[in-house]
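Participant: One structure, pasted below without further comment.
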Amino acid sequence: MSVTSSPPHEVTQLLVAWSNGDKAALDRLMPLVYTELRRLAHHYMSRERPGHTLQTTALVNEAYLRLVDQDQMRWENRAHFFGIAARLMREILVDHARSRQAVKRGGGQYMLSLSKVDRLASRPDVNLIALDEALRRLEAIDPQKGRIVELRYFGGLRIEETAEVLGISPATVKRDWSMARAWLRSEIGEE
Amino acid sequence: MSPERWRRVDELFHSALERGPAERAAFLTEACAGDEALRREVEKLIAAHEKDGSFIDSPAYADTELLVDRQAVLTSGQSLGPYKVINLLGRGGMGEVYLAQDSRLSRKVALKLLHSELTIDQDRLRRFRQEAHAASALNHPNILTVYEIGQADSIHFIATEYVEGQTLRERMSDTRMKLREVLDVAIQGASALAAAHQAGIVHRDIKPENIMVRTDGYVKALDFGLAKLTEQGGTGDLEEPTASLVKTGAGIVMGTINYMSPEQAEARRVDHRTDIFSLGVVLYEMLTGKRPFGGKSAIDTLHSIINEEPRPAIELNSQLPPEVMDILAKAMAKAPGERYRHAGDFELDLRRLKRAVETNSLPSSQVKAGAIIKPRGWRATSMLAALGALLILGVAVAGWMLNRSRRQPVSEAASAPLGRVTLAPITVDQGYEGEPTFSPDGQTIAYVSDRTGNFEIFLKQVTGGPDINLTNNPADDMQPSFSPDGKQIAFVSSRSGEYNCLCFFLYGTEQPLMGGAIWVMPAFGGSPRRIVESGTFPSWSSDGSSIIYSSGPWHGQKIYRVPSIGGNPEEIPIKSQGAPYLAYPSYSPDRRWIAFEANNTVFIVSSKGGEPQKIVKGKHPVWGADSGAIFYSNVEAGKNYSLWQLPFSSAEGKASGNPSPLTVGRGYDSQATVSRDGKLIAYAALDVSLNIESLPFDAETPRNMGAPQPVTSGSDRIYFHSISPDGMSSVYDSHRGASSYIWRVDRGSAPVQLTSDPNFDDSDPDWSPDGRNIVFFREASRGEQGTIGIWVMAADGANPQLLIKEAGAPRWMPGGGAFVYQSFADGQIYIYDLASKSSRRITNEEGIYGIGVPSPEGKWLVYHSIAAGNVDVRAIPIEGGESRIVVDTRRQEFHPFVSPSGKWVYYTLDHGNIYRVPGPAQNWRKAQPEKVTNFPETGLFLEDAHTSRDGHQLVYSRRRTTSDIWVMNLGT
């Protein structure tokens, strides 16, 4: 059986190349990180035991530790990695929410799948699909605010980490975050 | 919106927020200069910004709740050695604590289970035993008596004296402690330490959690010797240095380090004086409501213990007599040599101080004995209501239980003491009895039972007497609701053919909740009439004029109101975007509000509709008699689905106090109903089991050849199982407690546990065709990486070995030289050859859902897929080729398998009855699915159905829900 993760040095090199300005490196990097995050997310969502709550940062950290040779990395590369991971986490989570919503049957009769494998259903407080759509609209108007929400909410980054990834001041992140959050909240008419 | 305008909105939003609410209107009027649209945009954002409640504040993953709390290891009624469990008291760092009955001496005991990781080291376990027994043998009134430290069914436990009271932690955060009481507690604590130290026993982990305060004021120190089990490294002898107790991550988490002595924090040698320091810290906290040492991290805290002097207690509580400062200084000196030499000296000083306070003869003498110590910063709550209830139930309010929410200040209503409270079941049948509803006079309860084979509504006097079947109809009738005049009952029925199964993740046990038409019938006989075609959870308005209910599809449910005499339903416009369901709507008795449940949260909304507000995390809200309280099931971790009460102010439309518990959660306590005078509460306590049954069968005809026979019984929860080649034995996974293990049962014998490694959870076993081996799925019980995978062991459980990492769902090929499995890396199904130790991929598609099963001749693999949105059954040649959809009815088809001849593929539809369609030996001919079992659909739930190798036994795991109705009398 030979199902292994990508070797750490490959991801490391791509990250270094990308942060040195090689844009093509990102295209090769994304699928590698995506596969790993999906694998981890799948693992957690299908196998995690009751009573555990998982933090995105834990997941991303784990992916980072598995994918990246830390000795060769500088902090800014780590920040880049988190930046990528946040976007991917968003895709994974919204996909997951969509596929869950799709599991229902027609004819006015609805049922949630009840298999053991599916017992570990997620019940987000926020409608992720609606949020994702609103976030797309926000990104169209104000890309930086959209990115901040993505990093904070989907990537689980703190204000300082978000500032690091975007290369802006924490004060700006904070300010933009409060505006973006209020806008999204009014936009999707949350509860 | 143009970029310029967006920037303007952004600017004004922040500028307005910088101003106080009072100045904003004027500011915006000026700044917007008549641009009303701009102003509305900014005001909308400010309103959203200032709205209460969380919104994307925690990361998406943290919002995504991964199910309920771990279940307790033991359930009520279960025995451990001579102890019969009454209920779970709580969970501590060491393990669960139960109230239990000692069957030999008919006395109540507290039964503390020790986490398995604490008991691996036999040597350490022996020393702990010695020391705990030695301390207990001192027979000191302030040391908790240990009856037994034992082991049964591979569980280590401590049985101790059972104390009705609270831990000091609870006591401190509950109500204010007066100085006299603080001194009393400290004196008794010091006295316990003095006795233990004299016998050479050091506690090492004195903290408020380890001190019980009995209801009569007696103090009991707990867990002498237990620190021995939890130390990392070292041998635990007094001469040895004590390593830090802190270990984070998946291993032992020792809770707080705030009470450690400096020598402990530095991992230096400790002696009895470490306990004196720790008790000093506890005294400081009792006096000031603050811990003397703390920091942002464990390291900060340790640093503070070693290096920093605490803030003088008198600065935090100016009413303290200055004399207490001396005592604290002597107890909490950094160097052990500068502390009290003996706990007895500490005790003596405390006694002197207490006497001086009481006789008002302190040198400083401005202090009265009644001076109130400020409660801790995180607000006090009262438990009196719950205490009253629980004490009379004989349930210990021990410190481990009931971690109450401390979000709001306590209200008068919540703290009013209750009189006598009684609790008794009114149904005791096997099976399901639930959904109680009180008649307005509180004399009668209508409820649902499946005792006739389908769900019917029964009527019963609270004081006893016969159960009268009100519906007596072949259809299912559920969810009764008494009208306020007591003359009618609204209910949901499938009798006119409407039947939509809304299967909720109710209580974490997948309890199906039926929807259908809503009917109203006379409460004491007469013909029902249909008033709504499709709905669930009908509930009356207090004047009896209308009924509200919820209806509609998943993620599109709405709440409606219909005149109770029938008529057009009118939607109550509620902004509930995103909620998958709206359940249990009910009017407040004053009809100002509607409470309902969505997303495991209780909401209220104006009875006219509008924006709902989150009230509390919980399920199934019902109103108290005067709109002054909401009762609900607490779904927070550790709350056991117990029934809680939340004071509510109808005038303000919000909670007016802290929630408090009414029950301890014997089962899943839910579906409460309150009598009109508010004195009686009835609720259902649910429990769920899944056991294996075997049905004599012919997989080819198909013909049922008898009645199902139980293979396992009792309170087990079995999801996956496999029958031996000779058809005489079964292996299965038992999820009875927090862990799951593989068990084996030979027909006619008692079950035998095959795996028991506490580090692992084992599930999904499959018996090899030669009967010798069992493959199964194993994962680390505490989520460590790397150990998850497929293991194999002998059929008697011997010699377990890891075969494949990061993979699950193994199923043997017919020859026994290989098995198929799903890889977690890519979700595809592979075949593993034992001889060559190599894997080959079979499938290559998205959406494969868990298990794949080889056909008996080994040519085909049948498996589930969710690629099309529902769960369908597919097949693919194992040697390679295209996959095909075998059956897809747009419903959920589970657990496919191929009959021995290859002619049929069987599957379970929606976890209910079993169907078949033509299989490979009929060239996958298209045909209507044929139903082959005829189980009554009412409450039916089957898991992992398959046949024995000869096709003559159909085996499956069947869920049974037991539920009884309890009535609680809150007295006067």
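No value in this document is a laboratory result; all are computed from the given coordinates. Not measured: the values here are computed from a predicted model. For neighbour counting, all protein chains shown are included, and Cβ atoms are generated from backbone atoms with ideal geometry for every residue, glycine included.
Participant: When the Kirkwood hydrodynamic radius is evaluated over all pairs of different C-alpha atoms of region B:686-778, what value in angstrom, to one decimal, is obtained? Write down the numbers at each step before the final one.
Facilitator: Details: mean 1/r = 0.0711 Å⁻¹.
Computed over Cα pairs of region B:686-778, the Kirkwood hydrodynamic radius comes out at 14.1 Å.
Participant: Any idea which of B:829, B:913, B:851 is furthest toward the positive side of the dipole for region B:821-917, if Lys and Arg beta-carbons carry +1 and Asp and Glu beta-carbons -1?
Facilitator: Checked the options; the winner is B:913.
Participant: May I pose another question? May I ask you to list the trypsin sites (Lys or Arg not before Pro) in region B:161-198 that are in a DSSP loop and have at most 15 other Cβ atoms within 10 Å of their Cβ?
Facilitator: Numbers: sites: B:169, B:171, B:176, B:178, B:180; in loops: B:176.
Answer by residue number: B:176.
Participant: Only sites in a loop by DSSP and with at most 14 other Cβ atoms within 10 Å count here; which trypsin sites (Lys or Arg not before Pro) in region B:821-871 make the cut?
Facilitator: Working: sites: B:837, B:840, B:841, B:859; in loops: B:837, B:859.
Listed in order of number, the matching sites are B:837.
Participant: Moving to a separate point now. Once you order the gyration tensor axes a ≥ b ≥ c over the Cα atoms, which shape class does region B:288-339 get: rounded for a/c under 1.5, otherwise prolate or oblate by comparing a/b with b/c? Can you show the working numbers first?
Facilitator: Working: a/c = 3.48, a/b = 1.32, b/c = 2.63.
Note, shape of region B:288-339 comes out oblate.
Participant: Using the Kirkwood radius over Cα pairs, work out the Stokes-Einstein diffusion coefficient for region B:813-941 at 4 °C and 1.567 mPa s, in µm²/s as a whole number.
Facilitator: D = 86 µm²/s.
Participant: Past 26 Å, Cα to Cα: identify those pairs from B:207/B:354; A:145/B:617; B:51/B:619; B:112/B:679; B:619/B:931; B:112/B:220, in the order given.
Facilitator: Over 26 Å apart, Cα to Cα: A:145/B:617; B:112/B:679; B:619/B:931.
Participant: Listed highest first by mean packing, meaning other Cβ atoms within 10 Å per residue, what order do B:480-488, B:312-320 come in?
Facilitator: On the way: B:480-488: 19.4, B:312-320: 15.6.
Put in order of decreasing packing, that is B:480-488, B:312-320.
Participant: Residue B:607's amide H: which non-local residues (gap 5+, or another chain) put their own amide H closer than 5 Å, with H modeled 1.01 Å from N in plane and none for Pro or chain starts?
Facilitator: B:593, B:594
Participant: How big is D, in µm² s⁻¹, for region B:762-858 by Stokes-Einstein at 4 °C and 1.567 mPa s if Rh is the Kirkwood radius over C-alpha pairs? Don't skip to the end; give the middle numbers.
Facilitator: On the way: Rh = 13.5 Å.
Once the numbers are plugged in, D ends up at 96 µm²/s.
Participant: Shielding of A:147-159 by partners, i.e. mean partner chain Cβ atoms within 10 Å per residue? Intermediate values should be presented prior to the final figure.
Facilitator: Details: counts 0, 0, 1, 1, 1, 5, 9, 4, 3, 5, 1, 1, 0.
Mean partner-chain Cβ count within 10 Å for A:147-159: 2.
Participant: Can you run phi through the Karplus equation (6.51, -1.76, 1.60; θ = phi - 60°) for region B:650-657 and list ³J(HN,Hα) in whole Hz, with x for Gly and Pro?
Facilitator: 3J(HN,Hα) across region B:650-657, in whole Hz: 5, 5, 8, x, 7, 4, 10, x.
Participant: By its C-alpha gyration tensor, with a ≥ b ≥ c as the square roots of the eigenvalues, how is region B:141-206 shaped: rounded for a/c under 1.5, else prolate for a/b larger than b/c, else oblate? Walk me through the intermediate numbers first.
Facilitator: Values: a/c = 2.78, a/b = 1.49, b/c = 1.87.
Because a/c hits 1.5 or more and a/b fails to exceed b/c, region B:141-206 counts as oblate.
Participant: Let me make sure I get this right: for region B:538-603, a, b and c are the square roots of the gyration tensor eigenvalues over alpha carbons, sorted descending. Under 1.5 in a/c it's rounded, otherwise prolate if a/b > b/c, else oblate. Which is it?
Facilitator: On the way: a/c = 2.40, a/b = 1.46, b/c = 1.65.
Taking the square roots of the gyration eigenvalues as a ≥ b ≥ c, region B:538-603 is oblate.
Participant: What is the P(r) of region B:1-40, as percent of Cα-Cα pairs per 10 Å bin from 0?
Facilitator: Bins of 10 Å from zero give 31, 58, 11 percent of pairs.
Participant: Could you give me the percent of Cα pairs per 10 Å distance bin for region B:605-727, shortest bin first, beginning at zero and ending with the bin that holds the maximum distance?
Facilitator: Pair shares across the bins are 11, 29, 21, 13, 14, 10, 2, 0.
Participant: Across region B:890-896, in residue order, what do the Karplus-derived ³J(HN,Hα) couplings come to in whole Hz, using 6.51 cos²θ - 1.76 cosθ + 1.60 with θ = phi - 60° and x for Gly and Pro?
Facilitator: Listing the rounded values in order: 6, 9, 9, 9, 10, 6, x Hz.
Participant: Once you have the alpha carbon radius of gyration of region B:841-901, what is it after dividing by 2.2 N^0.38 Å, with N set to its residue count? Walk me through the intermediate numbers first.
Facilitator: Values: Rg = 10.9 Å, N = 61, 2.2 N^0.38 = 10.5 Å.
The reported ratio for this selection is 1.04.
Participant: Highest mean first, how do B:670-680, B:644-654, A:136-146 rank when packing is the count of other Cβ atoms within 10 Å averaged over residues?
Facilitator: Numbers: B:670-680: 21.3, B:644-654: 18.7, A:136-146: 15.6.
Highest-to-lowest ranking by the protection proxy: B:670-680, B:644-654, A:136-146.
Participant: Region B:903-972: which GluC sites (Glu not before Pro) are DSSP loop and have at most 16 other beta-carbon atoms within 10 angstrom? Before the final figure, lay out each step's value.
Facilitator: Values: sites: B:930, B:937, B:943; in loops: B:937.
Of the GluC sites (Glu not before Pro), the ones in loops of region B:903-972 whose Cβ has at most 16 other Cβ atoms within 10 Å are B:937.
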